[in-house]
1. So between Glu226 and Asn176, what do we pick up on full extension, going 0.36 nm a residue minus the alpha carbon distance?
2. Do any trypsin sites (Lys or Arg not before Pro) in the stretch 88-173 lie in a DSSP loop with no more than 10 other beta carbon atoms within 10 Å, and if so, which?
3. What are the extents of the Cα atoms of the stretch 105-262 along their three principal axes, in Å, largest first?
4. Quick one: which residues, 5 or more positions from Ile199 or on another chain, have an amide H under 5 Å from its amide H? H modelled 1.01 Å from N in the peptide plane, none for Pro or chain starts.
5. Chymotrypsin sites (Phe, Trp or Tyr not before Pro) within the stretch 196-262: which are DSSP loop residues with at most 13 other Cβ atoms inside 10 Å?
6. Could you give the length gained by full extension between Cys84 and His251, i.e. 0.36 nm per residue of separation minus their alpha carbon distance, to one decimal place?
7. Which shape class, rounded, prolate or oblate, goes with the stretch 83-160 when its Cα gyration tensor gives a ≥ b ≥ c as root eigenvalues, a/c under 1.5 marks rounded, and past that a/b bigger than b/c marks prolate?
8. With the full set of protein chains in place, find how many percent of the accessible area of the stretch 121-178 is carbon and sulfur; take the probe as 1.4 Å.
Amino acid sequence: KQWYQRRVAITAGDIKTGVSMILFTSLPHLLGQPSSKHKLRFYVTFWFGKWWKILLWFIWGFTTYYHINMTWKGWYGYMKGVRCTVPDDELEDLRNLGRTVQDVLESVGAPYFLLYGSLWGALRVGDILPWDTDIDMGINKDQLKTPIKDIVRLLQEKDLSARYNTNGVINVFTKNQYESRLDIMIFSDWYGTGTMHRIGWETYFFSLYYRTQHSFPYRLVKPPLERIDFIGRKWPVPHEEKEIMKYHYPHDWWKESKPEGC
């Protein structure tokens with residue numbers, strides 16, 4: 001009887017899947033018919049033991065992860081107090097930043113293109129949107145011949161603050177009172193499937209979000225790219241005009257999203 005109790009306890013303690021229920025039904029034939037007390041002990045151990053708690057934690061964790069991915073907008077998506085109109089002097093500083101970065105990228109033959117809000121500005125007004133506070137660009141890493149660290153160094157030599165983050169973005173700032181910002185997102189067709197993906201740790205942690213809203217067909221950025229007006233110059237943009245917006249803003253790409261109250 002003691003051996004049988006230890007056998008039941010071990011079976012219940014090591015259970016990992018629902019297969020244990022099948023094993024339990026076979027025990028009476030192998031070991032004799034257990035008492036009601038033993039049956040109750042087994043079911044209590046199964047339903048309230050550690051594996052049931054692990055299952056609950058798994059369900060909760062996956063649900064939370066899925067919710068975060070589907071509602072994630074990046075750290076910039078939570079900024080408050082966005083102005084309807086950025087002062088002219090700040091916009092001009094941002095334009096100068098964009099021109100300087102463009103000169104550096106052109107000097108190394110980098111395959112860059114406008115993205116996100118900056119692409120909207122180029123398509124709609126040929127300039128930065130009145131409320132936008134940064135410039136967004138992309139680079140095709142698969143066709144980049146210059147190491148990213150060298151591009152960062154060249155930007156720093158232009159008296160700019162530049163750094164490459166592990167989330168796959170080169171952040172560039174001006175060193176003045178405006179601290180204008182430009183972000184260069186690095187993309188790659190790392191699976192070889194014809195789909196461009198953002199690189200970096202953030203894209204792994206929020207993989208569902210980035211796969212659904214920050215991936216797009218390679219054909220949209222396949223060189224050569226058309227150039228259109230932006231901050232007083234011609235800038236390369238993805239093919240098919242607004243087509244890439246359907247991938248970046250799948251739920252409202254056709255709308256003009258302004259800051260609240262503007």
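1. 14.7 nm
2. Passing sites in the stretch 88-173 are Lys145.
3. Reported extents, whole Å, longest axis first: 41, 40, 32.
4. It is Ile186, Ser188, by chain and number.
5. When the chymotrypsin sites (Phe, Trp or Tyr not before Pro) of the stretch 196-262 are filtered for loop state and at most 13 Cβ neighbours within 10 Å, Trp254 remain.
6. This chain segment gains 57.8 nm when fully extended.
7. oblate
8. 46
The values are calculated or read from the model by the stated rules, or taken from the named source; none is laboratory data. Given the structure is predicted, the values throughout are model-derived calculations rather than measurements. Glycine gets a Cβ as well: all are built from the backbone with ideal geometry, and neighbour counts include every protein chain shown. Calculation scope for accessible area: heavy atoms of the full protein, side chains included, ligands and nucleic acids excluded. Shrake-Rupley method; radii C 1.70, N 1.55, O 1.52, S 1.80 Å.
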